[in-house]
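Worksheet: one structure, shown below.
Just so you know, all these numbers are worked out from the coordinates, no wet-lab data involved. Everything quoted here is computed from the prediction, not taken from an experiment. Virtual Cβ from ideal backbone geometry, glycine too; neighbours counted across all protein chains shown.
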């Protein structure tokens, strides 16, 4: 048996983190790394050379991110990153 006030606190503790959790929490470290490179305007070939990956692998990471974040492209990815404070428009415009 769980008291109703404790049950309510338990239920709220399960709901509230979802409100504040970043949509990027589900991304792997490599996906985050590639996301930041994309938001800086780097192309797939540049990213693949820097990370010693094939362009196909970089694209696999991109599409996996798009799926996890429910977006469809690099522009949406960049807007989402800006909205959540992972990069800012001033930094992006100076590159």
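Between residue 66 and residue 52, what length comes free when the chain is fully extended (0.36 nm per residue of separation minus the Cα-Cα distance, one decimal in nm)? Spell out each step's value before the answer.
Working: separation 14, 0.36 × 14 = 5.04 nm, distance 2.18 nm.
That pair, residue 66 and residue 52, stretches by 2.9 nm at full extension.
At residue 32 and residue 59, where each label point lies 7 Å from the Cα along Cα→Cβ, what is the point-to-point distance in nanometres?
Modelled inter-label distance: 2.7 nm.
Starting from the Cα gyration tensor of the range 23-93, take the square roots of the eigenvalues, sort them a ≥ b ≥ c, and report rounded, prolate or oblate (rounded when a/c is under 1.5, otherwise prolate if a/b is larger than b/c, else oblate).
Working: a/c = 1.83, a/b = 1.25, b/c = 1.46.
Verdict is oblate for the range 23-93.
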